[in-house]
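A quick write-up on the structure given underneath.
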Amino acid sequence: MAVSFLRHEISDLCLAKPALRSLSVSATVADALEVLKTSEENFLSIWDCNHHSKTLAGDQCRCVGKVCMVDVICYLSQDANLVSPSAALKAPVSEIMTETAGTVMHVEPSCSLLKAIDLMLQGIQNLVVPIQTRLSSNSRRKQHPKLINSTTSTIHSGQEFCLCEQEDVVRFLLNSIGVFSPLPAVSIDSLGLINTADILAINYHSPVDSAVQLITQSLTQKTSVAVVDIDGVLIGEISPFTLSSCDESVAAAIATLSCGELMAYIDCGGPPEYLIKIVTERLKQRKLQGALESYSSSTSSSNSPMFSSSSSSSDEESSVYPSSTRMVRSGRFSRSNSYSARMVRRAEAIVCHPKSSLVAVMIQAIAHRVNYVWVIEDDCSLVGIVTFSGMLKVFREHLETMC
């Protein structure tokens, strides 16, 4: 069984994955914003198809990075861009890419699972894989580029691609967890998985604009920014996942609110009226007329919020903790100035205990579609964080013994 597991290729992880929606590297931030606000995906892949480029051979197109709404929001929250948001949107999309060529690599479908894990542990977070199609002669149809709008497509050089990330690998490992017994039952503390050195955290009362660099860093690391009190107790988080479901008006909130206020702003399916008034007043005080006009136009057109259905953690040990430690947030602010009719996952700060088993933490993270789980003590004080990257390192070492 172990031998057959080692034969898996990255194509096995990509079955039924959607084709990447893409944008040209020559597009503007405004182009990216337009597509993101109307897309069901949380990100866009950025492609260089400049056939005169010295870095590209022949007619080859390459994915050179990714952008999401968080990139746009952090970019627009900068002081210079708050003065004239409309001018800032004319900048090339390359200005806002946080996940660039250094974190993206094209690989063949035959790339082994072990090789994929090794690449991810080296910092390549996004593996771009050609989608293999198996069409019979009777069902073969002519392939046309799938245009999302006039600026996007899913086909490059006659080929569609999908993205393989850490979550895909961890999900695949979880589906074959019996192969690794007894490793999954060992506590994260015993495995040395609790990272205490690279925690991104900020005080509840600190202004959010001082955390923009942390938010950008957490987006690259696929983690989050912990919001703590003066005693180090975890109160909540500023999650890139939650921000990616907001629209660009949140840039004004980031520029004017505290971390605690921002959590309330994005937590409840839409910003509370009192916080909208606070943002408006503070923009006026700073004489940011351009940002004020953009913000007023955005918030005045918002509809009533729709709340997502609640969900429970799959963690086998979640009953140990009181509900107050799970930092529950229901509902998310739509990114398109109206509230999405599709079912969305509520945003939560997912937590575990140092003695939680590896498989329990894996299930928690996968169930909530995050790449990390916060580790807290019984008094809710923040101990550290467990990430998919750390998990992959442990599994890779175990796989070495199976070779």
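Quick note: the coordinates plus some simple rules give every number you see, no bench work behind them. Computed from a predicted structure; not experimentally measured. Counting neighbours? That spans all protein chains shown, and the Cβs are built from the backbone with ideal geometry, glycine included.
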Surrounding net charge for Glu377, when Lys and Arg each add one and Asp and Glu each subtract one, Cβ distance under 12 Å: -3
Looks like segment 148-270, by Cα gyration tensor root eigenvalues a ≥ b ≥ c and the a/c under 1.5 rounded cutoff (else prolate when a/b is bigger than b/c, oblate otherwise), is oblate
Pairs over 22 Å Cα to Cα, from Lys66/Lys90; Lys222/Lys393; Lys66/Lys287; Lys37/Lys277, come to Lys66/Lys287; Lys37/Lys277
Just tell me which aspartates and glutamates come within less than 16 Å, Cα to Cα, of Lys355; anything on the same chain fewer than 8 places away is out. Asp189, Asp315, Glu316, Glu317, Glu377, Asp378, Asp379
Enter the Cα centre distance for the pair segment 347-403 and segment 235-283, rounded to the nearest angstrom. 28 Å
What is the packing order of peptides 187-194, 284-291, taking the mean over residues of other C-beta atoms within 10 Å and listing the highest first? 187-194, 284-291
By a straight-distance test (C-alpha under 15 Å), which aspartates and glutamates pair with Lys115 as possible cross-link partners, with residues fewer than eight away in the same chain excluded? Glu9, Asp12, Glu165, Asp168, Glu397, Glu400
What's the ranking of 70-77, 387-394, 225-232 by average number of surrounding C-beta atoms within 10 Å, highest first? 70-77, 387-394, 225-232
